Amino acid sequence: MPLKIELLSPDLIQQVLDEAHQLLLDPGILVQSGAARQILANAGARVDPTTQVTYIPESLTARALETVPHSFYLYDVTGNPTVHYGGDTVHFDPGSSGVHILDSQTLEHCPTTTTDLVNVIKITESLPQYDAQSTAIICDDVPKAIGDLYRLYVVLLLSKKPVVTGTFMIQNLDTMVEMLAIFAGGRQSLAQKPRAVFDVCPSPPLVWSEFACENLVSLAQLQVPVELVSMPLAGAASPVTLLGSVVQHTAESLAGLVLHQLSRPGAPLVWGGAPAIFDMRKGSTPFGAAETAMLGMANAQVGKYLGLPTHTYLGASDSKLVDAQAGMESGLSALAGALAGINMISGAGMLDFLACQSLEKLVLDAEAIAWVRRLLDGIHKQTKPLATGMYADFNFKADFLKQKSTRQLFTKEQYLPSPVIDRDSLRGWQMNGSQDTFNRCKSQVQQLLASYKRPDLDPTLENELHRLVTSQARQAGMDQLPVIE
Amino acid sequence: MAGLNQVGEAFSCGQSFLPELVMAGEAMKAALAVLEPELQLRGTERQILGKVVLATVQGDIHEIGKSLVGTMLSSAGFQVYDLGVDVPAETIVEKVRQVGANIVALSALLTTTMVRQAEVIAALEQAGLRQEVKVMVGGAPVTRDWVEHIGADGTSQDAVGAVALARELVESNKKSGNM
């Protein structure tokens, strides 16, 4: 019996959609790309050329919903479908674009470099809880002009898993797609078996920037999957009410969906987001808040109602350390997202409002995800009589450890956590140095980094990738790329 | 100003919240629109801590953090000229010259746009205004190393810290005889 939580009734979803359609007509969407306005106008949207405001009728969203796929897969480097976008399948990946890393010795949030990205990729690759990599960190040691494609380059060298990524500059998009095509066997094969999904973000409230429009149109034309990441901030960049914010998320996402499907009908798209509430004391955007989780769940429910694959940002924390708050917020919000059946939940490893990655948190979050996955897996009938067959020779003694069924079935019934989770006796815990969670995480990180093995990639393809990225780096003024080890 | 200070103090104590602070700021703006022409007629001027030209740099359209800093600076007694988002360096330089600003505050949320903060500083230097103004920079990717790297005068991770920094900067300006 699948476990699922739904926060909105079908009537309420219908009202959300009705009001989103009203917003698409009044006040409309500010579309800052001339080419995008033309595409929309050609299809029947009304455009005010002076204000750039575009009015999108419901007939266009209905047409887009007919052509957009209801599900698709991302493939690993060997061509296996490992991430299913669709239905209620739940996957997790690390949060992306961190600008700081938690230094586990000094506890400072330090600017990130290639070494940090390499470590995040290695940890993510080693943990089965993460079905996809993300281009998790912005590397301070390479020119900003290649910041986006360089992150993808490092992931492609060190990982076999699918990738959640994105571009910062439209001129780099084609190179990034080319990089993916190298390992997929060409652009046609990449379109058939995509390895990566690209995040594209509207700008709340109700704005599609020139960059985001161009990004969306190009990705659709290249048939590279797109993840829409609308991020209304309830009370600042969208209405303070959760439902009001969900309406705005729906309107922004529908506008993106229409432009995307007009650019290439049938191109794959994910109904995603990074919504949050706005903290009225600190002016911050808490990702550990209950309401933030509820926004993500409700937005996904609207996406599911429309028959679309879903994504949100959860499983992150606003704490600055890998502490009790970090554990509580990340675990609870990962659980909330999973119970909503969200296909891709991004955010693991992240602290400080998605600004800071932590290797230690990444291994801790993996345990929360394992916990959540175990719950989602549910209770199965492992034996025909559920219990009565296990009482032969029973003598009112707790002798179940001796039973064959115990030996055979305990690994099916129980998830065995990593050493990050303490289940030792007080004596055993003390014998092992009385380590707290953070210190256990630090040890686990060291162990995973030491045991990581680089994927066995075709050296010809690896060289081709290296040549392509090196030439981009040279154009950006960097003669030699950092060594990836 | 007294009313605004009261809301500001209540905010600092956690007894009032951003919506109230913003409302008080808007009320002050509305009142000043009426009062300032009259004050000018009488040859007097409102006492301010300093003049701040505030903008999100060109190529970046992130508004919330920048506006919040503007609200907090206004509440603290600064005269804020908020130029909005996606503002070219030359527009910022022109405004600094026009109003005789003490501080330029530059926001950038993206790693790709924070380089524009350096461009604004270069433009201020080229216009011969760099010695006249202090430059504070903000945004998620901005670090102290970045501040040093581009030759800015300070940064803060949040709006409350930005007010403290602005106060420090005008004080140091006074000491160096620029005000």
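Figures for the structure shown
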{"item": "A:VAL445 vs. criteria of a type in the set (Val, Ile, Thr), at pLDDT 95 or above and in contact with a Phe, Trp or Tyr (Cβ under 8 Å, 6 or more places away or on another chain)", "result": "no"}
{"item": "Unique match (being crowded, with 21+ Cβ neighbours inside 10 Å and in a loop (DSSP other than H, G, I, E, B)) among A:ALA316, A:ALA300", "result": "A:ALA316"}
{"item": "Per-region count, region A:87-109, residues small (Gly, Ala, Ser) and over 18 Å from the mean Cα position of the chain (by Cα)", "result": "1"}
{"item": "Qualifying position, being away from chain B (no Cβ under 14 Å), touching a residue at least 24 places away in the same chain (Cβ under 8 Å), over 23 Å from A:MET350 (Cα atoms) and not in a helix (DSSP H, G or I), among A:ALA220, A:ALA255, A:ALA267, A:ALA251", "result": "A:ALA267"}
{"item": "Candidates B:LEU68, B:LEU49, B:LEU54 - the one that is surrounded by fewer than 19 Cβ atoms within 10 Å (Cβ to Cβ) and in contact with a helix residue (DSSP H, G or I) (Cβ under 7 Å, 6 or more places away or on another chain)", "result": "B:LEU49"}
{"item": "Criterion violated by A:GLY307 - all others in (1) crowded, with 20+ Cβ neighbours inside 10 Å; (2) within 22 Å of A:HIS70 (Cα to Cα); (3) not basic (Lys, Arg) satisfied", "result": "(1)"}
{"item": "Exclusive hit being within 12 Å of chain A (Cβ to nearest Cβ), under 19 Å from the mean Cα position of the chain (by Cα) and not acidic (Asp, Glu), set B:LEU18, B:LEU4", "result": "B:LEU18"}
{"item": "Residue check for A:VAL155: under 26 Å from A:ASP436 (Cα atoms), crowded, with 24+ Cβ neighbours inside 10 Å, more than 14 Å from chain B (Cβ to nearest Cβ) and of a type outside the set (Phe, Trp, Tyr)", "result": "no"}
{"item": "Test result for A:ALA181, free of Cβ contacts under 8 Å to residues at least 12 places away in the same chain, more than 14 Å from chain B (Cβ to nearest Cβ) and out of contact with any Cys (no Cβ under 7 Å at 6 or more places or on another chain)", "result": "yes"}
{"item": "Those residues of region A:123-151 which are crowded, with 21+ Cβ neighbours inside 10 Å and either part of a helix (DSSP H, G or I) or among the hydroxyl-bearing types (Ser, Thr, Tyr) (or both), in sequence order", "result": "A:ILE123, A:THR124, A:TYR130, A:SER134, A:THR135, A:ILE146, A:GLY147, A:ASP148, A:LEU149, A:TYR150, A:ARG151"}
{"item": "A:ALA300 modelled with pLDDT of 95 or more, under 19 Å from A:GLY235 (Cβ atoms), of a type outside the set (Lys, Arg) and out of contact with any Leu (no Cβ under 8 Å at 6 or more places or on another chain)", "result": "no"}
{"item": "Region A:367-397, residues that are acidic (Asp, Glu) and either within 15 Å of A:GLN408 (Cα to Cα) or at pLDDT below 95 (or both)", "result": "A:ASP393"}
{"item": "Residues that are of a type in the set (D, E, K, R) and either within 20 Å of the chain's Cα centre (by Cα) or closer than 16 Å to A:TYR153 by Cα (or both), drawn from region A:176-202", "result": "A:GLU178, A:LYS193, A:ARG195, A:ASP199"}
{"item": "Helices (runs of 4 or more DSSP H) wholly inside region B:62-177 that include at least 2 residues being more than 14 Å from chain A (Cβ to nearest Cβ)", "result": "B:64-76, B:89-99, B:115-126, B:159-175"}
{"item": "In region A:187-204, residue nearest to the other protein chains (Cβ to nearest Cβ) [restricted to those that are farther than 20 Å from A:ALA132 by Cβ and modelled with pLDDT of 95 or more]", "result": "A:PRO202"}
{"item": "Of all residues in region A:440-475 being assigned to a loop (DSSP other than H, G, I, E, B) and surrounded by 15 or more Cβ atoms within 10 Å (Cβ to Cβ), the one that is farthest from the chain's Cα centre (by Cα)", "result": "A:LEU457"}
{"item": "Pick from region B:112-154, criterion surrounded by fewer than 22 Cβ atoms within 10 Å (Cβ to Cβ) and among the polar types (S, T, N, Q), ranking: nearest to B:GLY70 (Cα to Cα)", "result": "B:THR143"}
{"item": "Tally, over region A:257-283, of residues that are in contact with a strand residue (DSSP E or B) (Cβ under 9 Å, 6 or more places away or on another chain) and farther than 19 Å from A:ASN343 by Cα", "result": "5"}
{"item": "Filter result (of a type in the set (A, V, I, L, M, F, W, C), within 14 Å of chain B (Cβ to nearest Cβ) and in contact with a Gly (Cβ under 7 Å, 6 or more places away or on another chain)) within region A:270-283", "result": "A:ILE277, A:PHE278, A:MET280"}
{"item": "Tally of residues being more than 9 Å from chain A (Cβ to nearest Cβ) and assigned to a loop (DSSP other than H, G, I, E, B) across region B:46-61", "result": "7"}
{"item": "Of all residues in region A:225-235 being in a loop (DSSP other than H, G, I, E, B) and buried (at least 24 other Cβ atoms within 10 Å of the Cβ), the one that is farthest from the other protein chains (Cβ to nearest Cβ)", "result": "A:PRO225"}
{"item": "Condition met for A:LEU242 (away from every other protein chain (no Cβ under 14 Å), more than 19 Å from A:THR165 (Cα to Cα) and either touching a Leu at 6+ places or on another chain (Cβ under 9 Å) or among the hydrophobic types (A, V, I, L, M, F, W, C) (or both))", "result": "yes"}
{"item": "Which listed residue, of A:ILE101, A:ILE121, is modelled with pLDDT of 95 or more and more than 22 Å from B:ALA140 (Cα to Cα)", "result": "A:ILE121"}
{"item": "Test: residue in region A:111-122 that is buried (at least 20 other Cβ atoms within 10 Å of the Cβ), within 14 Å of chain B (Cβ to nearest Cβ) and over 25 Å from A:LYS320 (Cβ atoms)", "result": "no"}
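Quick grid of which residues meet (1) more than 14 Å from every other protein chain (Cβ to nearest Cβ); (2) more than 17 Å from the chain's Cα centre (by Cα):
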{"position": "B:SER12", "(1), (2)": "no, yes"}
{"position": "B:LYS29", "(1), (2)": "yes, no"}
{"position": "B:LEU41", "(1), (2)": "yes, yes"}
{"position": "B:THR44", "(1), (2)": "yes, yes"}
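The values are calculated or read from the model by the stated rules, or taken from the named source; none is laboratory data. Small disclaimer: the values here were computed from a predicted structure and weren't measured. Because the Cβ atoms are built from the backbone with ideal geometry, glycine has one as well, and the counts that use them run over all protein chains shown.
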